[in-house]
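One structure is given here, and the rest of the page talks about it.
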Amino acid sequence: MGKESISHKGKVIRITPETTTVSILQHGACSECHAAGLCGMSDIAEKAVEVATDPYANYRVGDEVEVLLKASMGMKAVWLAYFIPLVILLVVILGLTAFGMAEVPAAVVGLGSIGLYYLGLYLFRDRLKNEYNFTIKS
C-alpha cells in the first residue's frame, strides 16, 4: 500500500483572504546523500506554495505547518514533467532516423519538439495549477 499524500514541512509567510503562502524547503536527491557536504552538490531550494485559505484555520504568519498534496497528483506531475517528454524525444528521433534523416538533425528536431511540449505546459499552467490542490495541516 502506497502513501496517500505527499507532505512538506514549511512556514506560513503570507495570508490573504484568497491564498495562504507557505515557504517550503525542496530537497533534491543529493541532499539526502551522506557525501552531499563534501561534493557541494546538495540541491536544497526554497519554494513558495500557494494554498487556498481556509477561513476557519487558526494559523498565522510564521507558524510551522505541513503542506499536503495527493500522491496521485505527484505521480501525474512526474508523468507530465519527465515521462511524456522522454517518449516524445524517443519517438521523434527514432521516427526521423527510420525515415532516413541523419542522427544530429533528428536529435535537434527531437529537442525542439520537447521545447514545444514544455511551451505548451507553460501556456496551460493556469489550468494545470487548478488541478493541483494543496492543503495545510497545522
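Observations on the model:
- Pairs where the first residue, in the stretch 66-84, is within 17 Å of Phe124 (Cβ to Cβ) and without any contact (Cβ under 8 Å) to a residue 60 or more places away in the chain and the second is assigned to a helix (DSSP H, G or I) and aromatic (Phe, Trp, Tyr), C-beta under 8 Å, 6+ apart: Ile84/Tyr117
- Selection status of Val78, open to solvent by 60 Å² or more (accessible area, probe 1.4 Å), under 21 Å from the mean Cα position of the chain (by Cα), modelled with pLDDT of 80 or more and β-branched (Val, Ile, Thr): yes
- Positions within the stretch 84-98 being out of contact with any Ser or Thr (no Cβ under 8 Å at 6 or more places or on another chain) and either surrounded by 15 or more Cβ atoms within 10 Å (Cβ to Cβ) or at pLDDT below 95 (or both), in sequence order: Pro85, Ile93, Leu96, Thr97
- Residue list for the stretch 24-65, filter: among the polar types (S, T, N, Q) and at pLDDT 80 or above: Asn58
- Scanning the stretch 1-23 for residues that are over 14 Å from Leu68 (Cβ atoms), at pLDDT 85 or above and of a type in the set (D, E, K, R) yields Lys11, Arg14.
- Restricting attention to the stretch 101-138, the residues that are surrounded by fewer than 13 Cβ atoms within 10 Å (Cβ to Cβ) and in contact with a Phe, Trp or Tyr (Cβ under 9 Å, 6 or more places away or on another chain) total 1.
The values are calculated or read from the model by the stated rules, or taken from the named source; none is laboratory data. As the structure is a prediction and not an experimental result, all values here were calculated from the model. Note: ideal-geometry Cβ built from the backbone for every residue, glycine included; neighbour counts use all protein chains shown. Quick note on the areas: whole protein, heavy atoms, side chains included, nothing else; ligands and nucleic acids left out. Shrake-Rupley method; radii C 1.70, N 1.55, O 1.52, S 1.80 Å.
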